[in-house]
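Here the structure comes first, spelled out in structure tokens, and everything after it is commentary.
The values are calculated or read from the model by the stated rules, or taken from the named source; none is laboratory data. Predicted model only: the values in this text are computed from it and were never measured. We place every Cβ from the backbone using ideal geometry, glycine too, and count neighbours over all the protein chains shown. These accessible areas exclude ligands, DNA and RNA; they are computed on the full protein's heavy atoms, side chains included. Shrake-Rupley method; radii C 1.70, N 1.55, O 1.52, S 1.80 Å.
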Amino acid sequence: MHKLNQKMNTSTLAEPKPLSLSAWIAGLLVGAVLWVLAYSQLTNFADAVIGLLGLSHGNHLGEAVHFFFYDTPKVLLLLTGIVFFMGVIQTFFSPERTRALLSGKRVGVGNVLAASLGIVTPFCSCSAIPLFIGFLSAGVPLGVTFSFLISAPMVNEVALALLFGMFGWKVAALYLGLGLFVAIISGLIIGKLKMERYLEDWVQAIHAGEAPERAGETWTWLERFQAGGRHVKEIVGKVWPYIMGGIAIGAAIHGYVPQDFMASIMGKDAPWWSLPVAVAMGVPMYTNAAGVIPIVEALIGKGAALGTVLAFMMSVIALSLPEMVILRKVLRIPLIATFVGVVASGILLVGYVFNSVL
Amino acid sequence: MKDIKVLGTGCANCRNTIKLIEEVAAARGVAITLTKVEELPEIMKYGVMSTPGVVVDGKVVHAGGIPDRSKIAGWF
């Protein structure tokens, strides 16, 4: 016993000492100043890089390289800032609390609430299934649960941060509004269709109220900041290869694809079928918002219509084959097919409306 | 002997959680039996909604994300 105690003491000493709250606040202030400075110098930085490489504006390679060295730091800066902020926000929400808020809510109000909570509740696609069952078992209606499951991955902080950075707040706000719209309407329709019988048997057998309550965790501000830091490490650590890949493809499109090449295929005056094709192409593609947005930016630069491109992006993020394979563990094929059909129709509607309004 | 179960469908976070628990237990010289619970119906019995979840001696002590080193140490 004595020996064990000694061991514990030495190992505690060996671990790095966590920062204090005041150190966090000071660090965040310095970080914010550096962040703003770096963000204001993005163009100069990219100009300096192509200057050093002996390239110039106006030729293919120069434009592509400039795009890459302008976008990469910009996207990483935006992402780090927003992801940290959201990591702190998410400490105020937990799946358990969201479930408690949604349990017993009427269809309609419940769908709106579920879609909105989907933005701020911490969500990882790997725990989509436990969450799904946890919601159902606590008496959250199937349609309301779907509103949450559609909104959570689609309307997320990474997508919003990148859209805001690249296209301004109007496009980000439109994406937010329309994403919520698709999630709410799709959930309402799935709820109306009464598809509970297409849940797998073992899911139906889990009865309401069986889940034991866990004591709610209380957070100090120090813990909230630490959670923000962990969130940055986790998310930015995971998505940066997608971002680099996306920016590289975007840079190639930007530098080498002729101006207005996309206008005839994905532009405003493209035939009606270009939108469904864009959505269908998005389904087998599996990447996250971070990877697809640089491509989106480059496509728009070449004359693609915003509605078509946003629909493509929503489809890539919200409808993915790997996700359907996971969902198959709890849902039967007819319910999965309905889910895909309803969400795809919602996305199409958004695309057509966007294209005709703008 | 602590009986520890890690609930999760095999995502990266779950594997990291297991590694971390093993490390901390080894550093503290605490004997544990570590089991992975990967079957969904089994996981759902614990009422955990975000994985990885951690169960110590039959009680859920953590759900969602990789637990902190200090949090893990608190379980022993």
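Largest first and in whole Å, the equivalent-ellipsoid semi-axes of the stretch B:12-76 read 20, 12, 11, each the square root of five times a Cα gyration tensor eigenvalue. Spacing of the modelled spin labels on A:V283 and A:A32, each 7 Å from Cα toward Cβ, amounts to 4.6 nm. The residues of the stretch B:15-57 occluded by other protein chains by 30 Å² or more of accessible area, set against the chain on its own, are B:A27, B:R28, B:L40, B:P41, B:M44, B:G47, B:M49, B:S50, B:T51; surface from heavy atoms, 1.4 Å probe.
Under 22 Å between alpha carbons, and skipping anything fewer than 8 positions from A:K268 in its own chain: which lysines qualify? A:K268 reaches A:K170, A:K302.
Counting only protein heavy atoms and rolling a 1.4 Å probe, how much accessible area do B and A lose on contact, total for both sides, in Å² to 100? Walk me through the numbers before you get to the answer.
Values: alone 4410 and 18180 Å², together 20530 Å².
Approximately 2100 Å², summed over both chains.
Given R0 = 30 Å, the distance between the Cβ atoms of A:S345 and A:Y256 translates into a calculated FRET efficiency of 0.30.
Can you sort A:T218, A:T145, A:T338 by solvent-accessible area, 1.4 Å probe, largest first?
Working: A:T218 125, A:T145 0, A:T338 30 Å².
So the residues, ranked largest to smallest area, are A:T218, A:T338, A:T145.
Extending 7 Å from Cα along the Cβ direction at A:K233 and again at A:S22 yields two label points whose distance is 2.5 nm. The accessible surface of the stretch B:2-71, taken with every protein chain in place and a 1.4 Å probe, is 51 percent carbon and sulfur. The solvent-accessible area of B:I32, taken with every protein chain present and a 1.4 Å probe, is close to 40 Å². Measuring with a 1.4 angstrom probe and ignoring ligands and nucleic acids, A:W202 comes out at about 70 Å² accessible.
Going from most exposed to least, what order do A:T121, A:T43 have by accessible area with a 1.4 Å probe? List each step's numbers first, then the result.
On the way: A:T121 5, A:T43 70 Å².
My answer, sorted largest first, is A:T43, A:T121.
For the stretch A:94-173, just say rounded, prolate or oblate: build the C-alpha gyration tensor, square-root its eigenvalues into a ≥ b ≥ c, call rounded for a/c under 1.5, and beyond that prolate if a/b exceeds b/c, oblate if not. Prolate, since a/c reaches 1.5 and a/b exceeds b/c.
At a Förster radius of 30 Å, what calculated FRET efficiency corresponds to the Cβ-Cβ distance of A:D201 and B:R15, to the nearest 0.05? Please report the intermediate quantities before stating the final value.
Values: r = 30 Å, r/R0 = 0.99.
So, using R0 = 30 Å, E works out to roughly 0.50.
Only helices at least 20 Å long along their axis, Cα-based, and averaging 1.6 or more on Kyte-Doolittle count here, so list those DSSP H runs from chain A. Each step should come with its number before you reach the end.
Numbers: long enough: A:21-40 (29 Å, 1.89); A:60-90 (43 Å, 1.17); A:169-192 (34 Å, 1.72); A:221-256 (49 Å, 0.23); A:333-357 (36 Å, 1.98).
Correct list, ordered by number: A:21-40, A:169-192, A:333-357.
The angle between the Cα long axis of helix B:12-28 and the main principal axis of chain B comes to about 20°, on a 0 to 90 degree scale. With the simple spin-label model, which puts each label point 7 Å out from Cα in the Cβ direction, the A:S40 to A:R332 separation comes to 6.3 nm. Per-residue surface analysis assigns A:L29 an accessible area of about 120 Å², computed on protein heavy atoms at 1.4 Å probe radius.
Surface analysis of the stretch A:226-358 yields an accessible area of 42 Å² per residue, using protein heavy atoms and a 1.4 Å probe. Inter-part distance, the stretch A:294-309 to the stretch A:92-159, computed on C-alpha centroids, equals 31 Å.
I'd like the FRET efficiency for B:D68 and A:V109, computed as 1/(1 + (r/R0)^6) with the beta carbon distance as r and R0 of 30 Å, rounded to 0.05. Intermediate values should be presented prior to the final figure.
Numbers: r = 37 Å, r/R0 = 1.23.
It comes to 0.20.
The shape of the stretch A:211-358 can be summarised by an equivalent ellipsoid whose semi-axes, obtained from the alpha carbon gyration tensor, come to 33, 23, 14 Å from longest to shortest.
Only Cα sites of chain A enter the Debye sum here, all with the same form factor; the resulting log10 I(q)/I(0) across q = 0.08 1/Å is -0.47, listed in q order.
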